[in-house]
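Computed from the coordinates by the stated procedures, all read-outs in this text should not be read as laboratory data. From a predicted model like this one, the values you see are computed outputs, not experimental measurements. Please note: Cβ atoms are built from the backbone with ideal geometry, for glycine as well, and neighbour counts cover all protein chains shown.
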Amino acid sequence: MITADLIVANTAELVTCDPALGEGALGVIPGGALAAAEGRIVWVGSESRLVHEVVLAGNGRHLDAYGRVALPGFVDSHTHAVFAGSREQEYALRARGASYQEIATAGGGILSTVAATRAASVDELVALARPRLAAALAHGTTTMEIKSGYGLTPADELKMLEAIGRLGVTQPVEVHANFCGAHEVPPEYKGRADAYVDAVVKEMLPAVKRQGIARYVDVFCEEGVFSVAQARRVLTAGAEHGLRAKFHADEFVTLGGAELAAEVGALSADHLLKARPEGVMRMKDAGVTAALLPGTAFFLGLPYAPARTFLATGVRVALASDFNPGSSMGLNLQLTMTMAVSQMKMSPEEALLGVTLHGAHAMGLEAAVGSLAPGKQCDLVLADVPNWRYLSYFYGVNHVSRVIKRGRLVHER
Ligand code: NIG
Ligand code: FE
């Protein structure tokens, strides 16, 4: 018998996202149950076997799912959830025909968020981000990557990372920081991107390493921002400091970001709206996850990434929100799944894997989260739907009613 301190039972179905554990690509167990101990999953199976195989410790908790669907907590592998200010006026300008790049060139865009973020203290950044993370949790997100990149000075980048680090220990969503000092060329370095890259590599990265909060390194490799050569410098210097590459590649213009991701062995290359299929093929061979962000195409009114072409190469496809004040002011991964299915023609199975197991791969956390497999953290969502397909099929509403993080009930509606 296995001893547990948490049992989740009476589900309509338990969607493990591990094909070895149940039916189909998602490993669905109809009427499945789950047991956990000390925050880790110790057993999954059909409820009829539960009483024969699991015993609940005296102080343990039995959670009745009341016929809801149980699935892994969502993993949002690309966000900019820490920022000050807001940019709703740009959103209106775009509706009148201005493009994201035109707005950025005119001094809006990322740099307007940089100005607001520089003026904010760590405490203010944390206070601003806290309700956003609470909203993400309420929509089922239990693990989140958050980038710096709105500071663009050594002190302001460290300040952002400190805010991200503090969020990780003061609210339930598991947070991992990505150092994105090369998000944009700051005004002080206008026209001198190489000099700024020098500062990122020689000054900021060593300081970020000493601070010890960031786990990844990012760069906005894009026409008019950082070239492939500059991005290569940032990513390889990051690797020398132990930071894994996860970066913005081929978002608006085909530059070869996908190829660079394969070359440097990145965890993920993100956006890829304009990536060459050959580049994505190389990513596949190098084990790089393609993180697609349909919310950004949706919010900017751009064509979506050619997910089917990418999937045909065999590359692993993750889906993330890109939550940020400029290009994707949304964090509901249920809606992201709807966009993936209706706009990018991903199957509902591929979409759900995109926000769970494949999101975990995009963060290098596949051994810990992303599926309901014994040994992993007990990060679980209960959704008020008749079956898992409703998560993306019935769109624009929040189906999540309970969220468990590391075996603890952390959200209840
Ligand atoms: O992922 N591409 C660069 N960064 C963000 C946008 C950030 C912003 O506009 O504030 C993105 O789209
Ligand atoms: Fe982004």
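Take the alpha carbon atoms of region 201-232, find their center, do the same for region 1-59, and report the distance between the two centers in whole angstrom.
Between the Cα centre of region 201-232 and that of region 1-59, the gap is 42 Å.
Checking the table 159/284; 147/284; 209/284 against a 26 Å threshold on Cα-Cα, which pairs fail?
Pairs exceeding the cut-off: 159/284; 209/284.
At a threshold of 8 angstrom on Cα-Cα distance, excluding pairs fewer than six apart, so keeping six or more, what relative contact order does region 74-362 reach in percent?
Normalised by residue count, the contact order of region 74-362 is 18 percent.
With θ set to phi - 60°, apply the Karplus curve 6.51 cos²θ - 1.76 cosθ + 1.60 along region 398-413 and write out the HN-Hα couplings as whole Hz, x wherever there is a Gly or Pro.
8, 8, 6, 10, 9, 10, 10, 10, 6, x, 10, 6, 10, 8, 9, 9
Let's test the formula: R0 of 30 Å, r as the Cβ-Cβ distance of residue 367 and residue 302. What FRET efficiency results, to the nearest 0.05?
Result of the calculation: an efficiency of 0.30.
Where the centre of each part is set by its Cα atoms, how far does region 247-290 sit from region 369-413, in angstrom?
Going from one Cα centre to the other spans 30 Å.
Just to confirm a number: summing +1 for Lys and Arg and -1 for Asp and Glu over residues other than residue 403 whose beta-carbon lies under 10 angstrom from that of residue 403, what do you get?
Overall, the nearby charge balance is +2.
Which of 179, 83 comes first, and how do the rest follow, when ranked by fewest Cβ neighbours within 10 Å?
Final ranking by Cβ density, sparse to dense: 83, 179.
Whole Å is fine, so just give me how far the alpha carbon centre of region 335-358 lies from that of region 167-192.
Between the Cα centre of region 335-358 and that of region 167-192, the gap is 27 Å.
Roughly speaking, what is the stretch gain from residue 49 to residue 398, that is 0.36 nm per residue apart minus the C-alpha to C-alpha distance, in nm to one decimal?
122.5 nm
Size of the dipole of the chain about the Cα centre, Lys and Arg at +1 and Asp and Glu at -1 on the beta carbon, nothing else charged, in debye to 20?
Charge dipole of the chain: 220 debye, to the nearest 20.
Sorted by mean Cβ packing within 10 Å, highest first, what order do the peptides 324-331, 185-192, 233-240 take?
Packing order, densest peptide first, comes out as 324-331, 233-240, 185-192.
Can you classify region 80-138 as rounded, prolate or oblate using the Cα gyration tensor, where a ≥ b ≥ c are the square roots of its eigenvalues, rounded means a/c under 1.5, and otherwise it's prolate if a/b beats b/c and oblate if not?
Oblate.
Which trypsin sites (Lys or Arg not before Pro) does region 61-155 hold that lie in a coil by DSSP with at most 14 other beta carbons within 10 Å?
96
Would you mind counting up the charge near residue 38? Only other residues with Cβ under 12 Å from its Cβ, with Lys and Arg at +1 and Asp and Glu at -1.
+2
In nm, give the distance between the simple-model label positions of residue 412 and residue 189, each being 7 Å from the Cα along the Cα-to-Cβ direction.
4.9
Distance in nm between label sites at residue 38 and residue 345, each 7 Å beyond Cα in the beta-carbon direction?
Taking the two extended label points, one gets 5.0 nm.
Only residues of region 393-412 count here: report those whose backbone N is under 17 Å from the spot 7 Å along Cα→Cβ of residue 64, or say none.
Those under the cut-off are 402.
Suppose every K and R has +1 on its Cβ and every D and E has -1 on its Cβ; what is the size of the dipole of region 126-227 about the Cα centre, in Debye to the nearest 20?
Rounded to the nearest 20 debye, it is 400 debye.
Take each of the peptides 3-9, 388-394, average the number of other beta-carbon atoms within 10 Å over its residues, and list them starting from the highest.
Highest-to-lowest ranking by the protection proxy: 3-9, 388-394.
Restricting to the chain, compute how many DSSP beta bridges are antiparallel as a %, nearest 5.
Counting DSSP beta bridges with both partners in the chain, the antiparallel share is about 45 percent.
Rg (Å, one decimal) plus Dmax (Å, integer) for the alpha carbons of region 74-362?
17.1, 47
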